[in-house]
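Participant: If you scroll down you'll find the structure; I have some questions about it.
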Amino acid sequence: MEIPSFPIAIMMVVATADSRIKRTYALAEAKRASTLLKGERKETIMKIANNFKWKLEPAQPRPNLLNYDFALDFKDYIRNAAIIQHKKWKLVNRMLSKGEVFLTKVEVCRLLEEEVRRYIEQKLQVKVKSLSPDIMNRINRLKQLFYEKRGKTSWEEIPSEVIIIAYPPCIKRLHETISSGHHLSHIGRFTLTTFLVNIGMTTENVVDLFRSLADFKERMTRYQVEHIAGLKGSRTKYIPPQCDTLRTHGVCPGMDDICRRIRHPLAYYRRKLRIIKTEAPLAPGA
Amino acid sequence: MIKIDTKAFIQAKFSEYYEKNSLNIHPPSSMEKREFGFLLLKERIMLRHKAFKTAQEFRDSFKTLIPSHVYFSSAYYERPEEEMEEKGWLGADLVFDIDADHISAPCSKTHDTWSCPHCKTTGRGTPPKKCPKCNKQKFEEKTWPCEICLESAKEETIKLIDILTNDLGFSTNEMSLSFSGHRGYHLHVESKDILTLNSTSRKEIVDYIVGIGLDPQLHGLSKIGGPNLDDFGWRGRIARGTYEYLLSATPEQLEKIGLPRGVIQSLGKHKERILESWKYKGPWTMIKGVSFESWSKIAEQALKNQAAKIDTVVTTDVHRLIRLADTLHGKTGLKKTETSIATIEEFDPLKSAVAFPHGTASVDVSEAPKFRVGSEFHGPYRNEKVELPMAAALFLLCKGSARITEVGSSVR
């Protein structure tokens with residue numbers, strides 16, 4: 001019964017046409033697959049990995065490399081590990097030799113989970129033609145159930161005024177640098193602009209910030225800020241890069257306590273706002 | 001004497017170079033899928049989204065456009081001549097840029113200059129926050145390629161090649177290495193396995209090379225031991241870095257990284273024992289009074305010298321334009337020059353990149369530090385008229401440090 005149930009499940013999830021349901025389903029299936037894999041023999045895991053075109057081999061025992069079961073091509077490794085957040089998954093913290101990353105069986109199963117998740121998400125990209133009303137009713141009931149359990153996504157409201165004291169350290173530094181008319185790298189400017197646009201600063205005020213720069217050109221700056229805000233060009237509103245990316249490019253000046261608990265500058269801002277609110281509930285204007 | 005315009009002269013020389021050498025400029029692989037960009041010498045505008053179908057068309061473009069800089073995309077596109085969103089990205093090579101600007105060699109104070117366009121104040125090294133005379137914050141900077149800068153860029157390149165081959169397993173056949181024609185090196189990896197890596201995956205490669213997010217504890221540093229010199233990957237690098245660091249660090253430097261006095265004394269007292277210990281399991285647990293925390297600080301510092309200082313933005317950008325080999329660098333008149341990885345140690349960039357080996361020219365130099373182009377040293381100069389070999393003269397003209405006054409006899 002297991003096998004035919006999978007295409008039916010896929011069809012039903014596709015019919016919900018809800019990206020959050022799709023993601024949740026893909027993740028759940030991937031987690032289940034990974035748990036099952038952990039109980040499998042190494043040969044079976046190899047077969048499955050090779051099915052996904054991974055270059056996975058049994059680790060040859062070497063004096064400096066004990067306790068590893070597999071050696072995986074580093075390209076296959078980063079494709080799947082780059083989005084796992086814990087620092088032990090960063091390539092730089094792995095044992096690497098001649099393009100191969102050394103891994104335990106449990107670690108390979110965790111990486112396969114990412115591959116499976118992407119595989120299912122991709123399967124969910126298709127569109128279904130209309131299904132019978134009977135089936136659609138069932139799907140809608142399931143959808144309802146999902147919303148009741150998970151609630152609708154709601155970002156905590158970001159207040160319309162800009163609260164400078166809630167800026168993360170990186171934005172604080174970028175803001176200070178630019179206010180004093182100093183040069184900012186391209187990625188620095190992009191980070192600052194996307195951040196300010198996303199916390200509700202007006203285009204006008206963002207443009208003004210850049211005014212003190214030596215190479216300021218009003219028309220150019222306005223165009224770029226409006227582009228980033230999604231008012232021009234591709235109409236996509238850009239968001240700032242993740243903390244991890246800012247670290248790579250030297251924009252992160254070092255973490256404070258809140259930084260350690262978030263992965264994105266905007267998440268810092270939201271969290272800090274909550275803290276400010278609880279610490280000073282009777283702030284003027286509140 | 002006929003008065004010659006400097007800009008027109010540079011343009012004539014660039015044109016002459018492309019007339020003579022266009023056959024030696026090779027199109028990159030899969031040329032028809034790449035985007036090309038030209039900065040035009042005369043009009044000073046960037047011509048982007050160019051694409052070529054044939055090598056002939058490609059070579060003719062240099063002669064007609066006379067560019068001061070020529071670039072090609074590390075990316076492959078379905079329609080390279082379209083606007084960015086319409087191009088249809090197919091993949092990109094893995095590229096690395098090592099530039100003296102990112103290394104801050106100690107010599108920059110002796111040859112780099114800044115000037116305030118407002119009040120004409122000038123100074124050496126990196127510009128101050130504000131002009132000491134008029135308080136303005138805009139400066140024109142002039143950086144120079146010098147032996148020391150280029151030597152440190154070369155050292156970083158050698159570290160990069162070591163990581164790419166020994167750790168990441170690339171073969172030197174997949175790499176091409178060039179002197180950029182100004183202050184650094186470009187390393188280009190062409191391999192079908194890396195083509196479709198996205199920016200996030202490339203960032204992991206960058207973090208690996210630069211050592212960002214590296215935790216020595218995940219490389220075996222613990223209260224009961226640490227990495228060995230002959231370990232693989234970063235593990236071995238931490239050990240070798242620690243070995244080198246402890247050999248060279250002064251007590252003041254050790255204090256600066258936050259080691260307590262007692263620890264510094266112990267390290268000094270047991271220098272011989274530490275050296276000896278590397279033959280076995282390293283010094284990690286055997287020096288009394290040096291705690292795990294202290295070893296962590298030392299390792300943290302030691303790994304900085306083992307990382308290769310690449311430009312992080314270039315490698316993570318999957319749409320990057322890269323200078324094309326054997327074309328001229330508009331800031332120097334030198335050409336981007338390929339060199340073999342096997343002979344990088346002996347490679348002399350300032351000699352190999354000379355694009356104008358014949359003739360002389362007289363120039364009026366406003367200011368120039370001592371510099372080398374080809375095998376000869378020239379300068380320093382200040383407000384003087386000198387006759388120089390063509391490559392050296394053109395170098396100063398492109399740098400904006402001199403005006404042309406007369407062209408030597410061997411040049412038509």
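The values are calculated or read from the model by the stated rules, or taken from the named source; none is laboratory data. All figures in this text were calculated on a predicted structure; none of them were measured in a lab. Please note: Cβ atoms are built from the backbone with ideal geometry, for glycine as well, and neighbour counts cover all protein chains shown. These accessible areas exclude ligands, DNA and RNA; they are computed on the full protein's heavy atoms, side chains included. Shrake-Rupley method; radii C 1.70, N 1.55, O 1.52, S 1.80 Å.
Participant: Residues that are among the aliphatic types (A, V, I, L, M) and surrounded by 14 or more Cβ atoms within 10 Å (Cβ to Cβ): which helices (runs of 4 or more DSSP H) entirely in segment A:170-265 hold 2 or more of them? Quick ask: steps written out before the conclusion?
Facilitator: Numbers: elements: A:186-198, A:203-210, A:218-228, A:243-248.
Qualifying helices (runs of 4 or more DSSP H): A:186-198, A:203-210, A:218-228.
Participant: Same structure again: Give me the helices (runs of 4 or more DSSP H) completely within segment B:309-409, filtered to those with at least 3 residues that are touching a Lys or Arg at 6+ places or on another chain (Cβ under 7 Å), ordered by residue number.
Facilitator: Result: B:312-316, B:390-399.
Participant: Determine whether residue B:161 is more than 10 Å from chain A (Cβ to nearest Cβ), closer than 28 Å to residue A:245 by Cα and open to solvent by 10 Å² or more (accessible area, probe 1.4 Å). Give the derivation first.
Facilitator: On the way: more than 10 Å from chain A (Cβ to nearest Cβ): yes; closer than 28 Å to residue A:245 by Cα: yes; open to solvent by 10 Å² or more (accessible area, probe 1.4 Å): yes.
When the stated conditions are applied, residue B:161 passes them.
Participant: Further question: Suppose we filter B:336, B:385, B:351 for residues that are open to solvent by 20 Å² or more (accessible area, probe 1.4 Å), at pLDDT 95 or above and in the same structural domain as residue B:40 (by TED's automatic domain parsing); which single one remains?
Facilitator: Working: B:336 fails: open to solvent by 20 Å² or more (accessible area, probe 1.4 Å); B:385 fails: in the same structural domain as residue B:40 (by TED's automatic domain parsing).
Selected residue: B:351, the only one of B:336, B:385, B:351 that is open to solvent by 20 Å² or more (accessible area, probe 1.4 Å), at pLDDT 95 or above and in the same structural domain as residue B:40 (by TED's automatic domain parsing).
Participant: Return the residues of segment B:15-24 that are modelled with pLDDT of 95 or more and either outside the structural domain of residue B:176 (by TED's automatic domain parsing) or surrounded by fewer than 19 Cβ atoms within 10 Å (Cβ to Cβ) (or both); say none if nothing qualifies.
Facilitator: Correct list: B:15, B:16, B:19, B:20, B:21.
Participant: Being under 30 Å from residue A:242 (Cβ atoms), touching an Asp or Glu at 6+ places or on another chain (Cβ under 7 Å) and surrounded by fewer than 17 Cβ atoms within 10 Å (Cβ to Cβ) is the filter here, so list the residues in segment A:42-82 that pass it.
Facilitator: The answer is A:52, A:55.
Participant: Of the residues A:120, A:158, only one is outside any loop (DSSP other than H, G, I, E, B) and either at pLDDT 90 or above or not small (Gly, Ala, Ser) (or both); which? Working first, answer last.
Facilitator: On the way: A:158 fails: outside any loop (DSSP other than H, G, I, E, B).
Within the list A:120, A:158, the selection yields A:120.
Participant: A further question follows. Name the residue, out of A:221, A:177, A:193, A:203, that is within 14 Å of chain B (Cβ to nearest Cβ), in contact with a helix residue (DSSP H, G or I) (Cβ under 9 Å, 6 or more places away or on another chain) and modelled with pLDDT of 85 or more.
Facilitator: Going through A:221, A:177, A:193, A:203 in turn, the sole match is A:177.
Participant: Let me ask you something else. Please find, within segment B:50-61, the residue that is surrounded by the fewest Cβ atoms within 10 Å (Cβ to Cβ) out of those that are touching a helix residue (DSSP H, G or I) at 6+ places or on another chain (Cβ under 8 Å) and closer than 23 Å to residue B:319 by Cβ. If you could, list the steps in order and put the result at the bottom.
Facilitator: Step one: of segment B:50-61, the residues touching a helix residue (DSSP H, G or I) at 6+ places or on another chain (Cβ under 8 Å) are B:50-53, B:55, B:58-60.
Those still in the list that are closer than 23 Å to residue B:319 by Cβ too: B:50-53, B:58.
Values: B:50: 19, B:51: 19, B:52: 19, B:53: 9, B:58: 22.
Checking each candidate, the answer is B:53.
Participant: Among the candidates B:139, B:179, single out the residue that is buried (at least 19 other Cβ atoms within 10 Å of the Cβ), within 13 Å of chain A (Cβ to nearest Cβ) and of a type in the set (Phe, Trp, Tyr).
Facilitator: Values: B:179 fails: within 13 Å of chain A (Cβ to nearest Cβ).
Testing whether each residue is buried (at least 19 other Cβ atoms within 10 Å of the Cβ), within 13 Å of chain A (Cβ to nearest Cβ) and of a type in the set (Phe, Trp, Tyr) leaves just B:139.
Participant: Is it true that residue B:133 is over 25 Å from residue B:185 (Cα atoms), loosely packed, with under 13 Cβ neighbours inside 10 Å, at pLDDT 80 or above and basic (Lys, Arg)? Outline the logic, then answer.
Facilitator: On the way: over 25 Å from residue B:185 (Cα atoms): yes; loosely packed, with under 13 Cβ neighbours inside 10 Å: yes; at pLDDT 80 or above: yes; basic (Lys, Arg): yes.
Taking the combined requirement at face value, the residue satisfies it.
Participant: Out of the residues in segment B:191-219 meeting the condition of being without any contact (Cβ under 8 Å) to a residue 60 or more places away in the chain and more than 17 Å from residue A:84 (Cβ to Cβ), tell me which one is least open to solvent (accessible area, probe 1.4 Å).
Facilitator: B:219
Participant: Condition test on residue A:33, is it in the same structural domain as residue A:131 (by TED's automatic domain parsing) and without any contact (Cβ under 8 Å) to a residue 60 or more places away in the chain? It would help to see each step written out before you state the result.
Facilitator: Details: in the same structural domain as residue A:131 (by TED's automatic domain parsing): yes; without any contact (Cβ under 8 Å) to a residue 60 or more places away in the chain: no.
Against the criterion (in the same structural domain as residue A:131 (by TED's automatic domain parsing) and without any contact (Cβ under 8 Å) to a residue 60 or more places away in the chain), residue A:33 does not qualify.
Participant: Can you find a residue in segment B:358-366 that is of a type in the set (D, E, K, R), open to solvent by 10 Å² or more (accessible area, probe 1.4 Å) and more than 27 Å from the chain's Cα centre (by Cα)?
Facilitator: yes
Participant: Let me ask something else. Give me a count of the residues in segment A:185-236 that are within 17 Å of residue A:173 (Cα to Cα) and hydroxyl-bearing (Ser, Thr, Tyr).
Facilitator: Counting residues in segment A:185-236 that are within 17 Å of residue A:173 (Cα to Cα) and hydroxyl-bearing (Ser, Thr, Tyr) gives 5.
Participant: Where in segment A:16-110 are there helices (runs of 4 or more DSSP H), lying fully within it, with 3 or more residues that are more than 14 Å from chain B (Cβ to nearest Cβ)?
Facilitator: Details: elements: A:19-38, A:42-51, A:74-81.
Result: A:19-38, A:42-51.
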